[in-house]
1. Using the charge dipole of the chain (Lys, Arg: +1 at Cβ; Asp, Glu: -1 at Cβ; taken about the Cα centre), state which of LEU46, ALA72, ILE57 has its Cα farthest towards the positive end.
2. By counting other Cβ atoms within 10 Å of each Cβ, how are THR34, THR26, THR61 ranked from fewest to most?
3. If the chain between ILE45 and SER65 were fully stretched, how many nm would it gain, using 0.36 nm times the residue separation less the Cα-Cα distance?
4. Computed from these coordinates, which is Kirkwood radius over Cα pairs in Å: [x] 12.4; [y] 12.0; [z] 14.1?
5. Taking the Cα centre of the chain as origin, work out the dipole magnitude from +1 charges on Lys and Arg Cβ and -1 charges on Asp and Glu Cβ, in debye rounded to 20.
6. Restricting to DSSP loop positions (anything but H, G, I, E, B) with no more than 16 other Cβ atoms inside 10 Å of their own Cβ, which trypsin sites (Lys or Arg not before Pro) remain in segment 4-39?
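Read-outs throughout are calculated quantities, based only on the coordinates presented, and are distinct from any laboratory measurement. From a predicted model like this one, the values you see are computed outputs, not experimental measurements. Backbone-built Cβ (ideal geometry, glycine too); neighbour counts: all protein chains shown.
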Amino acid sequence: MAKKSKKGYFGLGHLISIILAIIPVTNIIFGIVTRIQRKCYIGAILNFFLFPLFWIIDLITIIVSNEIQFLA
């Protein structure tokens, strides 16, 4: 049986990651934590200060590829 790839937020499924990305509070928290885990501290700081821009970009990348890619 093939192993299903779980990326998204903390290895959660695609649908759950989309739901969490739609909610602004969870998006900012999980976006900052994910960027810190990937050692992209500048991306985490920018996510905090430029939240509306990062919210839209993270939402689009989660929907399209189920992974946070921008500054992460």
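1. It is ALA72.
2. THR26, THR61, THR34
3. 4.9 nm
4. Structure-derived value, by its label: [y].
5. Roughly 320 debye for the chain.
6. Answer by residue number: LYS4, LYS6, LYS7, ARG38, LYS39.
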